[in-house]
Amino acid sequence: MNKDITTLLFDFDGTLLDTNELIVQTFLSVLGEHFPGEYGREDVLHFIGPSLEQTFTKIAPDKVSELSDQYRRLNRTLHDELVSEYDGVAETLRTLKSRGLKMAIVSTKREETILHGLKLMGVHDVFDVLVALDHVQNPKPHPEPLELALRLLEADQQEALMIGDNSHDIEGGKNAGVRTAGVAWTAKGEEFLASFEPDFMLQHISDLLELTKAGVK
């Protein structure tokens, strides 16, 4: 029998903060400069989720560092103008925190960028642990980031849930032996995410209130 859920591991981009348009516009600008006419909006939607290194290694392995640096510079410039909070996120996170759940961010972004987004949302004090790209050797879907978060939280793997908007979140959760929840508001569509067979599909962030209701005594 499954144990109650007492630990929540959240992806960040596209899960808690709507950064989809920011990511799309940044990729279109950078790739448009280096590969004119080769990439459109539908193409770059596939780049939402993986780390920059993972994406640019597939596109131009000899330019990974150059393209990643250019992307990050432009992304910082456009960030606050193009991001927005998903409905009910801050309120739900604070309610979960008040119930005593252990909570972490597990992201393929760098710590500095995640912290900026959390502060923009006003929830930088909610999370016990933050595992970013610069904290691990192997990003999701490798289990390393999730396993690190669980160790830092001193959490039981069987009581943990990984929540994310992309395939690597679900696969990373499965690889780490934790339950998984997809979010129906993913930019790639609920059907795409459901194909990776998460244990749950959240229609709204507040669904977590019901899922964790029995978790913390």
For ARG73, solvent-accessible area (1.4 Å; no DNA, RNA or ligand), Å²: 130 Å²
Taking all protein chains as present, what is the carbon and sulfur share of the accessible area of the stretch 30-99, in % to the nearest whole number, probe 1.4 Å? 48 percent
Above-threshold pairs, the threshold being 26 Å between Cα atoms, out of LYS97/LYS119; LYS188/LYS213; LYS102/LYS188; LYS63/LYS174; LYS3/LYS119; LYS3/LYS102: LYS188/LYS213; LYS102/LYS188; LYS63/LYS174; LYS3/LYS119
Bridge orientation stat for the chain from DSSP, antiparallel percent rounded to 5, came to 10 percent
So what is the calculated 222 nm ellipticity per residue for the chain, using -39500 (n - 2.57) for each DSSP H run with n of 4 or more, over all residues, to the nearest 500 deg cm²/dmol? -13000 deg cm²/dmol
Taking a ≥ b ≥ c as the square roots of the Cα gyration tensor eigenvalues, with a/c under 1.5 meaning rounded and otherwise prolate when a/b beats b/c or oblate if not, the stretch 121-217 comes out rounded
Projected onto the charge dipole of the chain (+1 at Lys/Arg Cβ, -1 at Asp/Glu Cβ, origin at the Cα centre), which of ILE23, ALA60, ILE163 gives the Cα projection farthest towards the positive end? ILE163
Enter the angle in degrees (range 0 to 90, nearest 10) between the Cα long axis of helix 111-121 and the first principal axis of the Cα atoms of the chain, meaning the one along which they spread out most. 70 degrees
What number comes out for accessible area per residue over the chain if the probe is 1.4 Å? Units Å², please. 46 Å²
For the chain, the charge dipole (Cβ of Lys, Arg +1; Cβ of Asp, Glu -1; about the Cα centre) points to a positive end, and the Cα of ALA149, PHE196, LEU133 closest to that extreme belongs to ALA149
For the stretch 29-37, Karplus-derived ³J(HN,Hα) couplings (6.51, -1.76, 1.60; θ = phi - 60°; whole Hz; x for glycine and proline) come out as 5, 5, 6, x, 6, 8, 9, x, x
Quickly rank 161-170, 111-120, 91-100, 32-41 as a protection proxy: mean count of other C-beta atoms within 10 Å, highest first. 161-170, 111-120, 91-100, 32-41
Keeping all protein chains in place and using 1.4 angstrom, which order do THR186, THR57 fall into by accessible surface area, from largest down? THR57, THR186
Relative to the longest principal Cα axis of the chain, at what angle does helix 64-82 sit, 0 to 90 degrees, rounded to 10? 70 degrees
Residue by residue, what Karplus-based ³J(HN,Hα) values in Hz, rounded to whole numbers, does the stretch 195-212 have, using 6.51, -1.76 and 1.60 with θ = phi - 60° and x for Gly and Pro? 5, 8, 6, x, 5, 9, 10, 7, 8, 8, 4, 5, 4, 5, 5, 6, 4, 9
Tell me which residues come under 5 Å, amide H to amide H, from HIS204 once H is placed; ignore anything under 5 positions away on its chain. none
Relative contact order of the chain, pairs being alpha-carbon contacts under 8 Å that are 6 or more residues apart, as %: 27 percent
Need the full-extension length gain, ILE59 to ALA90, defined as separation in residues times 0.36 nm minus the C-alpha distance. One decimal, nm. 7.6 nm
Can you compute the charge dipole magnitude of the chain about its Cα centre, using +1 on each Lys and Arg Cβ and -1 on each Asp and Glu Cβ, nothing else charged? Give it in debye, rounded to the nearest 20. 520 debye
Magnitude of the charge dipole, the stretch 134-217, Cβ model with Lys/Arg +1 and Asp/Glu -1, debye to 20: 120 debye
What is the helix-to-structure angle for 89-98, meaning the angle in degrees between its Cα long axis and the longest Cα principal axis of the chain, kept from 0 to 90 and rounded to the nearest 10? 30 degrees
Rounded to the nearest 20 debye, dipole of the stretch 14-95 from Cβ charges on Lys, Arg, Asp, Glu: 220 debye
Specify the inter-centroid distance of the stretch 108-166 and the stretch 32-95, based on alpha-carbon positions, in whole Å. 18 Å
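The values are calculated or read from the model by the stated rules, or taken from the named source; none is laboratory data. Nothing here was measured: the structure is a model prediction, and the numbers come from that model. Here Cβ is always computed from backbone atoms with ideal geometry, including for glycine, and neighbour counts include all displayed protein chains. Just the protein is used for accessible areas: all its heavy atoms, side chains included, with ligands, DNA and RNA removed. Shrake-Rupley method; radii C 1.70, N 1.55, O 1.52, S 1.80 Å.
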